[in-house]
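To start, the structure under review is shown below, and the notes come after it.
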Amino acid sequence: MSQSSLEILNRVFGYHEFRGQQQEVIASLVNGDDALVLMPTGGGKSLCYQIPALLRPGAGVVISPLIALMQDQVAALRQNGVRAAYLNSTLDLEQVREVELALLQGGLDLLYLAPERLMAGRTLDLLGRSRIALFAIDEAHCVSQWGHDFRPEYMQLAVLAERFPGVPRIALTATADEPTRREMRERLVLQQARSFIGGFDRPNIRYHIGQFKDAKTQLLRFLQREHQGDSGIVYCLSRRKVESIAAWLEDKGLTALPYHAGLPAATRQLHQERFLREDAVVIVATIAFGMGIDKPDVRFVAHLDLPKSIEAYYQETGRAGRDGLPADAWMAYGLQGVISLRQMLEASDADEAHKRVERRKLDAMLGLCELADCRRQALLRYFSDPLPAPCGNCDNCLEPPETWDASLAAQKALSAVYRTGQRFGVNYLVDVLRGGGDERIARFGHDRLKVFGLGAEMDANQWRSVFRQLVARGLLNVDVDGHGSLRLTEAARPVLRGEQTLELRRDRKPQRKSRSRDSGGVSAGDRVLWDALRAKRRELAEVQGVPAYVIFHDATLMQMMQSRPQTLSAMADLDGVGSKKLERYGKEFLEVLQLIDVESEDDEGLSETLRATLALMQKGLSAEAVARQRGLKPSTVLDHLARLIAHGAIGLADAVQLPEHELALIRDTLLEARQNDAFRLRPAYEALGGAYDYPLLRCIAAQMEVGIHPEGS
Ligand SMILES: [Zn+2]
């Protein structure tokens, strides 16, 4: 069976190998067993049920909570030649009949349904009369009553176990802590299901959490410098802020659309669709936006307000970079944000037990913000998925923050709170410490306090940073009445008495210089080709009325740009190019490649990115070192090497170190697979049992090509 699932992966979806636990999950389902799958976003969850649905007789029924999402998934499947359909409220009666008939006659591979549709008696009857390959329950954490995505209809899905005892079921989610997983098992009657728990790490997401006075301007700078032409999400807490930030970004020349629950449904729908379908739309949203958004090429998620918990932060940032390409999780927060969240929590009507849970969650989130070590390690530790070494891809790893011994400053700050009667907010306290400002100080006689003017050595911003960190660490509490006055907590005592020292972060100055990596790893020299490939994709998508990524993912276009296939068979070697898409789009993209290739190369036929790789190779760096230095995937650098070999700029030995007998074996295999005057890599790859990866084969093939046509023609 593993042979045929791999075959479907290759032929239908255009991928060469399974990732993580996909193959085992598929084998379980094909066997008729249930499965519970927890995989990080972008881990390839949907293939886990799509492939078994194609392998088992009958249609796979997918329960998915969002209509827009199921429409896009169906569109994507149809692009690959899979017979997929959905039943939801957007269809008219005639269309519903058609889908039902197709299902009954065995003409569907996959059927998507919303949970409420499924529970309508009529649908269950229909399924009862049809052949069902499996049930897939997507976003299965919605069954958890304690979660933030609770959907009551999910509770009724237990009925599937009763009504369809022989049909395997799979529940999938990207976020579920241990208690949620237990709830999923119980409520969905999946006690017997095998668990597949993937890690939580999203290595391609770069975390960045900063404290900025003018977050809005910093956001704009970040978008202009690092995400020109990219899609992304900006989260804000309030509807009003959503509106004003969207308008402001529009004013600055970006396409920025607001999204929140207060907008008319039609506007929300329109904005969501534009975000999904167009290439460079920034959506500015409250957390009402995003669940089930499956857009693979979201290049950044920015937060202008603090999320309430690490779970929420992880889930929201997890919407970035589902295609595995570099993406940013960028957050700005300040003292006011910390204070409002604490206030909202204390002022809520929830019972004390509930508040205690929320307080703990908020504390953990603030801890993540004020951390001086690797963010990813802390994030993963929170999900009990420890990462042994610092990640090298978060702000703290890239630019370790300075810390300072703030014991004395903290003592002064806490003492100012205490001496003024725990009735004042931060601005007043800072004025007292700095010895000036507020006219009330003299009126209350606070200018006669010992702390008055005791902190003149630091400016107001530095003091605000101290107060923020004291609140974040729980040494100060915020009042419930909404005036923002600060009070000491028990935890403040030892610091106030000088019994405990305190290390705080020094706030960073906003970055002035741009980082070397540009968006998604496209260098300036490749920009022309990249834009041309995306324009072609957009054109094809618009004609069919589907989102651009349904034609090809960014990751596929990126490979196309880097390996520049010249033939259809070389195009077929790219990830994400299955036989249907090759047939439909292969030619058109080859034309773009040929056209642009001529334009963007220099006199010697080398593009800028190739030159950059070549220069580093000539300095004696290994391929891995070049990849690290340039922030590229090792496979991309090997692709470069293959092209440099083809150009005669380097020799095979510069790129590949293998014993002669292995080289001989690979050469023989490549020659056997040669067809129509071209090396065909896939048959060779398969004949070699997958022991050598494609970029390596490409290097060897390139060298043989030079040998066959020594002029490089
Ligand atoms: Zn890190």
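Points worth noting:
- Selected residue [within 19 Å of residue 467 (Cβ to Cβ), within 16 Å of the ligand (Cβ to nearest atom) and surrounded by 17 or more Cβ atoms within 10 Å (Cβ to Cβ)] from 369, 374: 369
- Residue match in segment 203-225 (condition: of a type in the set (Asp, Glu), in a loop (DSSP other than H, G, I, E, B) and not assigned by TED's automatic domain parsing to the domain that holds residue 275): no
- Identity of the residue in segment 174-230, within 16 Å of the ligand (Cβ to nearest atom) and at pLDDT below 85, that ends up nearest to residue 253 (Cα to Cα): 200
The rows are residues; the columns are (1) touching a residue at least 24 places away in the same chain (Cβ under 8 Å); (2) within 24 Å of residue 296 (Cα to Cα); (3) within 16 Å of the ligand (Cβ to nearest atom).
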{"position": "348", "(1), (2), (3)": "no, no, no"}
{"position": "361", "(1), (2), (3)": "yes, no, no"}
{"position": "381", "(1), (2), (3)": "no, no, yes"}
{"position": "384", "(1), (2), (3)": "yes, no, no"}
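- Selection of segment 70-99 for residues being part of a helix (DSSP H, G or I) and out of contact with any strand residue (DSSP E or B) (no Cβ under 8 Å at 6 or more places or on another chain) yields 72, 75, 76, 79, 93, 94, 95, 97, 98.
- Filter result for residue 315 (farther than 21 Å from residue 547 by Cα, away from the ligand (no atom under 16 Å from the Cβ) and modelled with pLDDT under 85): no
- Residue count, segment 125-157 (criterion: part of a loop (DSSP other than H, G, I, E, B) and crowded, with 16+ Cβ neighbours inside 10 Å): 7
- Restricting attention to segment 199-247, the residues that are crowded, with 16+ Cβ neighbours inside 10 Å, farther than 24 Å from residue 366 by Cα and among the hydroxyl-bearing types (Ser, Thr, Tyr) total 1.
- Taking segment 606-633 as the range and being in contact with a Gly (Cβ under 7 Å, 6 or more places away or on another chain) and crowded, with 20+ Cβ neighbours inside 10 Å as the test, the residues that pass are 607, 609, 632.
- The listed residues are 386, 390, and the only one of them that is assigned to a loop (DSSP other than H, G, I, E, B), within 28 Å of the chain's Cα centre (by Cα) and at pLDDT 90 or above turns out to be 390.
- Taking the criterion of being among the charged types (D, E, K, R) and in a loop (DSSP other than H, G, I, E, B), the only residue of segment 158-178 that qualifies is 177.
- Hits in segment 396-424 (condition: in a helix (DSSP H, G or I) and either aromatic (Phe, Trp, Tyr) or more than 17 Å from residue 484 (Cβ to Cβ) (or both)): 396, 397, 398, 407, 408, 409, 410, 411, 412, 415, 418, 419
- Residue within segment 675-686 that is modelled with pLDDT of 80 or more and surrounded by fewer than 18 Cβ atoms within 10 Å (Cβ to Cβ) present: yes
- In summary, residue 442 fulfils each of the numbered conditions (1) assigned to a helix (DSSP H, G or I); (2) surrounded by 13 or more Cβ atoms within 10 Å (Cβ to Cβ); (3) modelled with pLDDT under 95 with the single exception of condition (2).
- Conditions (1) within 15 Å of the ligand (Cβ to nearest atom); (2) assigned to a helix (DSSP H, G or I); number of the one not met by residue 336: (1)
- When the criteria are applied in full, residue 409 meets the requirement of being more than 21 Å from the chain's Cα centre (by Cα) and modelled with pLDDT of 90 or more.
- Of all residues making up segment 294-308, the number that are of a type outside the set (Asp, Glu), surrounded by 20 or more Cβ atoms within 10 Å (Cβ to Cβ) and over 11 Å from the mean Cα position of the chain (by Cα): 5
- Taking the criterion of being hydrophobic (A, V, I, L, M, F, W, C), part of a helix (DSSP H, G or I) and out of contact with any helix residue (DSSP H, G or I) (no Cβ under 6 Å at 6 or more places or on another chain), the residues of segment 1-46 that qualify are 6, 9, 27.
- Segment 158-198: number of residues that are surrounded by 21 or more Cβ atoms within 10 Å (Cβ to Cβ) and closer than 14 Å to residue 63 by Cα: 8
- The listed residue being within 20 Å of the chain's Cα centre (by Cα), of a type in the set (D, E, K, R) and in a helix (DSSP H, G or I), out of 381, 360: 381
- Elements of the type helices (runs of 4 or more DSSP H) sitting completely within segment 584-658 and holding at least 1 residues that are at pLDDT 80 or above and within 30 Å of residue 80 (Cβ to Cβ): these cover 634-646.
- When residues in segment 386-429 are screened for being of a type in the set (Asp, Glu) and within 16 Å of the ligand (Cβ to nearest atom), 2 of them pass.
- Hey, residue 249 in contact with a Lys or Arg (Cβ under 8 Å, 6 or more places away or on another chain), closer than 27 Å to residue 336 by Cα, at pLDDT 95 or above and away from the ligand (no atom under 16 Å from the Cβ) or not: no
- Flag for residue 37 being at pLDDT 95 or above and either buried (at least 22 other Cβ atoms within 10 Å of the Cβ) or over 24 Å from residue 143 (Cβ atoms) (or both): no
The values are calculated or read from the model by the stated rules, or taken from the named source; none is laboratory data. These numbers come from a predicted model, not from an experiment. As a convention, Cβ positions derive from the backbone with ideal geometry for all residues, glycine included, and neighbour counts pool all protein chains shown.
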